[in-house]
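Notes follow the structure.
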Amino acid sequence: MAELKAIEEKLREEKNTLVEMARAIYKNPEPGGKEFFAADLITGYLEEKGFKVWRGIGGLKTAFMASYGNEGFHIGYCSEYDALPEIGHGCGHNLIGIAGVAAGVALAASLNDMPGQVSIIGTPNEEDEGAKVYLVKAGVFDHVDAAMMFHPGCSNCYHVESLACRDYRFVFKGHSVHASTEPWEGRNALDGVIQTFNSINALRQHLKDDVRIHGIISEGGLAPNVIPDRAAADFIIRARDSYYLQEVVEKVVACARGAEAATGTTLEVTESGHPYDAMISNKTMADIFAESLRETGYNLESPHGTGLDSMDMGNVSRVTPSIHPMVAITNQWIPGHTHEFSTLCNSDEAYHIMLNVGQAMAITGHKILKDRELQKTILKEFSESIKSSF
Ligand SMILES: [Zn+2]
Ligand SMILES: [Zn+2]
């Protein structure tokens, strides 16, 4: 098909520049919200390629939207480009960022007079605050009809699901005294935290299998001979279903309130971070992506993965049909967020896969834009899956 040839040729033409951009982002790792180098590099390139660019969308300095094309069905590719403190690109967002750019530029080259629009949406700060949550709230995805991105990993999975997620901080305040001379005068904030952990551990037996609760003691006193007057714990609470998650959150908060009463301390509860929704993967789109990736010579053998995380793409998937396939860049088990995984994200093999994925996302976009029936099927599946998730 001539249009698919146009996608392939465009990527052959742009290959070196795209890989150079991904390498440059790798070599200049920037933390979430401060990805000025990456955002400038990508938006500058997209402007050169004829895209209309809006910077700072949703009130986020390093977010952007770059669009090309005509009225009609609107395909959006999400680009991430934030790095981890100390580790750099240990989550491979240099690959995610440029795969989205590659897909957008290649799909734009195949549009000709076909109705349809393609956008690359720069979604920063995924690791820390999840900028997509803000961008969804700001309405950035309201006019996007189908959204896509990929994530590199060490296994393949294209019907990716994720858990809804909430972050909580519990701060206990007590009364400090000498721990040996007059302990009876003290109220121990650390005991409040420890009792919270114990009660949550007792609660686990009565929760559904998909619930995950994990926490740390982030403040636990200053010296063993002083009764701590302040202690804090941070928890992440996850479940498949946002409504059930709310029930679990209330039970976890009740555990902390019980600890407050038992220890005579006072408790401050804050929701830190932003709630992530569970990902609803659009199966129609995911199957087309897997088929398109096969056409580029890379086989995604397994539709379902093991282990569930949470992601801000989950919030996008509630307002527009979305996919977030995981594609292996190694056949060894090397966990993300490590120096070892970071090294892999700068390998020739990883850049090769990034371009294959970019091509597959462009082909997926093209197949959707040229087929109105397929567009209807995707939108129907989306509205049914949203209805059944409430
Ligand atoms: Zn990560
Ligand atoms: Zn990531």
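Summary of values
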read-out: Failed item in (1) within 16 Å of ligand 1 (Cβ to nearest atom); (2) part of a helix (DSSP H, G or I), with Val160 passing the rest; value: (2)
read-out: Within the stretch 161-197, considering residues that are in contact (Cβ under 8 Å) with a residue 60 or more places away in the chain and among the polar types (S, T, N, Q), the one farthest from Leu308 (Cα to Cα); value: Asn188
read-out: Residue within the stretch 305-320 that is over 20 Å from Ile386 (Cα atoms), away from ligand 2 (no atom under 15 Å from the Cβ) and buried (at least 21 other Cβ atoms within 10 Å of the Cβ) present; value: no
read-out: Leading residue by the ranking (surrounded by the fewest Cβ atoms within 10 Å (Cβ to Cβ)) among those in the stretch 136-157 that are modelled with pLDDT under 95 and within 14 Å of ligand 1 (Cβ to nearest atom); value: Cys154
read-out: Test: residue in the stretch 117-124 that is assigned by TED's automatic domain parsing to the domain that holds Glu381, farther than 22 Å from Val101 by Cβ and touching a strand residue (DSSP E or B) at 6+ places or on another chain (Cβ under 9 Å); value: no
read-out: Scan of the stretch 21-39 for residues that are more than 22 Å from Val133 (Cα to Cα) and of a type outside the set (Gly, Ala, Ser), ordered by number; value: Met21, Arg23, Ile25, Tyr26, Lys27, Asn28, Pro29, Phe37
read-out: Top-ranked residue in the stretch 124-135 [being part of a helix (DSSP H, G or I) and surrounded by fewer than 24 Cβ atoms within 10 Å (Cβ to Cβ); ranked as nearest to the chain's Cα centre (by Cα)]; value: Val133
read-out: Residue check for Thr62: among the hydroxyl-bearing types (Ser, Thr, Tyr) and more than 28 Å from Lys137 (Cα to Cα); value: no
read-out: Qualifying positions in the stretch 70-96 - away from ligand 1 (no atom under 13 Å from the Cβ) and either under 19 Å from the mean Cα position of the chain (by Cα) or at pLDDT 95 or above (or both); value: Phe73, His74, Ile75, Gly76, Tyr77, Cys78, Ser79
read-out: Scan of the stretch 221-250 for residues that are assigned to a helix (DSSP H, G or I), crowded, with 17+ Cβ neighbours inside 10 Å and not polar (S, T, N, Q), ordered by number; value: Leu245, Val248, Val249
read-out: Selected residue (criterion: farthest from Asn112 (Cα to Cα)) from residues of the stretch 42-95 that are of a type in the set (Phe, Trp, Tyr) and touching a residue at least 40 places away in the same chain (Cβ under 8 Å); value: Tyr81
read-out: Whichever residue in the stretch 78-123 is assigned to a loop (DSSP other than H, G, I, E, B) and hydrophobic (A, V, I, L, M, F, W, C) and, among such residues, is farthest from ligand 2 (Cβ to nearest atom); value: Met114
read-out: Residues within the stretch 174-191 that are in a loop (DSSP other than H, G, I, E, B) and either among the hydrophobic types (A, V, I, L, M, F, W, C) or surrounded by fewer than 17 Cβ atoms within 10 Å (Cβ to Cβ) (or both), tallied; value: 5
read-out: Test: residue in the stretch 137-154 that is within 12 Å of ligand 2 (Cβ to nearest atom) and out of contact with any helix residue (DSSP H, G or I) (no Cβ under 7 Å at 6 or more places or on another chain); value: yes
read-out: Only listed residue being modelled with pLDDT of 95 or more, surrounded by 13 or more Cβ atoms within 10 Å (Cβ to Cβ), outside any strand (DSSP E or B) and among the aliphatic types (A, V, I, L, M), chosen from Ile213, Ile217, Ile194; value: Ile194
read-out: Total residues in the stretch 66-84, condition of a type outside the set (Gly, Ala, Ser), within 16 Å of Val316 (Cβ to Cβ) and either surrounded by fewer than 24 Cβ atoms within 10 Å (Cβ to Cβ) or out of contact with any helix residue (DSSP H, G or I) (no Cβ under 7 Å at 6 or more places or on another chain) (or both); value: 1
read-out: Residue in the stretch 335-352 that is within 22 Å of Glu14 (Cα to Cα), in a helix (DSSP H, G or I) and either touching a strand residue (DSSP E or B) at 6+ places or on another chain (Cβ under 7 Å) or aromatic (Phe, Trp, Tyr) (or both) present; value: yes
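Okay, residues lined up against (1) at pLDDT 95 or above; (2) assigned to a helix (DSSP H, G or I); (3) surrounded by fewer than 14 Cβ atoms within 10 Å (Cβ to Cβ):
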| residue | (1), (2), (3) |
| --- | --- |
| Gln332 | no, no, yes |
| Ile363 | yes, yes, no |
| Glu373 | yes, yes, yes |
| Phe382 | yes, yes, no |
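The values are calculated or read from the model by the stated rules, or taken from the named source; none is laboratory data. The structure displayed is predicted, hence computed values, not measured ones. All Cβ positions, glycine included, derive from the backbone under ideal geometry; neighbour counts span all protein chains shown.
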